[in-house]
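The values are calculated or read from the model by the stated rules, or taken from the named source; none is laboratory data. This structure is a prediction, so every number in the text was calculated from the model and none was measured. When we count neighbours, we look across all protein chains shown, and the Cβ atoms used for this are built from the backbone with ideal geometry, even at glycine. Surface areas here come from the heavy atoms of the whole protein model, side chains and all, with no ligands, DNA or RNA. Shrake-Rupley method; radii C 1.70, N 1.55, O 1.52, S 1.80 Å.
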Amino acid sequence: IPSGMGDASRGEDGEWGSDKCPTWKENVDEAKRIARPDWSLSRWNKEEMAKKVNLQNLLDFGLKEDNVTRLKSLSVEKFRTEYMKEVAVLVDAHKNLDSKRYQISSMLEEFKDEKFYLDDHHTANLKFPDFVSYMESNDDDDPLMIFDCDFEEKSSCKYPYDKKRLSSYPPIKYFAGDSLFEITGDLRPPWRWLIVAPKNSGTELHVDPLGTSAWNTLLAGIKLWAVLPKGVTAEPTLADSCGQFCSSEMDAERGAQGGTRNENDYNLSKETDMWANKWFSNIGMRAARRYPQHRKPVFIVQKQGETVYIPAGRYHVVLNLTDTVAITENFAAEWNFDTIFLTALRKEPEFCRIFYRKLCEQRKDLAQRARLLPNLLHSESKVLKTWINNDDKNDNDDGDYNENEQLDRKDKYNSSDVNLEHNLKYENDDKVVHGENIAMHPDWKQKDNVSTNRNEVVRCDNSSVASSGSCSSGFDLL
């Protein structure tokens, strides 16, 4: 493996002429300090997970438990009507993608001088040869991964800058043009990533941010996935004796039992902070053996060329059983508009302001729907009105706000409950618009229990929003 700085002729000690260059190990150590400043270098392999975790056993386990629906040669219409809200594997979604270019050996030759980001905040990075050296020799408990949303900007040694970029792969027909966030143009949050990951690394249990769905195409290696059942949420629903979070269904069962936490239940307050290798070795195997059938995860052994699709709202965890390369995208699907808009409003208000104005210009039906959302607080309705009134560009009726809409909202939905369930619909200009609203807690100031893994979204609470008006949040992942 070539040493760091992209110069294969330099020795292991980093010597070159009379100058001393850092070795790849020194570059990796610096990247670790930046990625996790609260960890000492000795902390990275303190628990010896590389020795404790048997990846072959986990592969055998995954192959035995794999219970996902695999789809092949499906029409777009059939997928969207029958599978858009279900976890699935698309066998041939990216059959026209040139996977040879994304193999480690090919990328090592083509991008030997390029740095790739190791997180979604553009802090830690490594040159590709340095990362490959690390990938092949590390024994870390939770190894670093390349997680780069700017991979289309990387300069190739083989192709001109404006030709055949890494992001020039063909779109997946089932999701082409399906993201509502596209209307925000260059202001769209990060939405696609290149992921290069060592074996035994992974993504902790998490749900995709801002109500988005995601797909992940594996170009090299093997990944093990677990997707939790529908209804598992970090929303507080029952103040039980343990103070834990789980699904509303399990809350009901627990309530009937006098508030005792069921041991065959997901404890998101703990599991979202658990490394992927530890989760599968403990929770995953236990869930497969002991949980009732309707509470078991969907297990997936993802092989090269397969695309995993995760609909919005489903918690999932991913472990790399081998060194892997993947591309992934998040998108805001219209079927989940209610949750998308409320989540953006409460967690990313600055972006939501732009998004809402674009809706008023280009999707008036969805702008009106946003104003009629039954979960919308009165103060939030005022915010929407302010955004339109302060927009000097809106000099017509496109964004007119009718205060009566706020009063009529409950009548429109025939419900006074702020936690409306699924499959909402309303009439607009003689058209029936269908959507789904995942029940949300009405007080947006509560803490968000989404994982804080460096490769995932960042925790956002009321203090950060209050101080900055926004908080940093990434998209998915692995």
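Please list the non-local residues whose amide H lies under 5 Å from the amide H of Leu373, H modeled 1.01 Å from N, same-chain partners needing a gap of 5 or more.
Amide H neighbours of Leu373: none.
If the limit is 18 Å between Cα atoms, which of Lys46/Lys278; Lys52/Lys270; Lys364/Lys385 go over it?
With Cα atoms farther than 18 Å apart: Lys52/Lys270.
Quick check: residue separation of Ser106 and Arg33 times 0.36 nm, minus the Cα distance between them. What number comes out in nm? Let's see the in-between values first.
On the way: separation 73, 0.36 × 73 = 26.28 nm, distance 2.89 nm.
Between Ser106 and Arg33, full extension yields an extra 23.4 nm.
Just subtract the alpha-carbon distance of Asp92 and Lys25 from 0.36 nm times their residue separation and send over the number in nm, one decimal.
Between Asp92 and Lys25, full extension yields an extra 20.2 nm.
Ranked from highest to lowest mean number of other Cβ atoms within 10 Å per residue, what is the order of the peptides 196-209, 112-125, 275-288, 324-337?
Result, highest mean first: 196-209, 324-337, 275-288, 112-125.
Dividing the alpha-carbon radius of gyration of the range 60-101 by 2.2 N^0.38 Å (N being the number of residues), what value is obtained?
Output field value: 1.43.
In Å², and per residue, what accessible area does the range 40-79 have when probed at 1.4 Å with the other protein chains present?
Counting only protein heavy atoms, the per-residue value for the range 40-79 is 65 Å².
In the range 63-179, if the dipole is taken from +1 on Lys/Arg beta carbons and -1 on Asp/Glu beta carbons about the Cα centre, which of Asn125, Met145, Tyr83 is farthest to the positive end?
Most positive-ward Cα: Tyr83.
Any chance you could run the full-extension gain for Glu361 through Lys52? It's 0.36 nm times the residue separation minus the Cα-Cα distance, nm to one decimal.
Full extension of this stretch gives 105.6 nm more.
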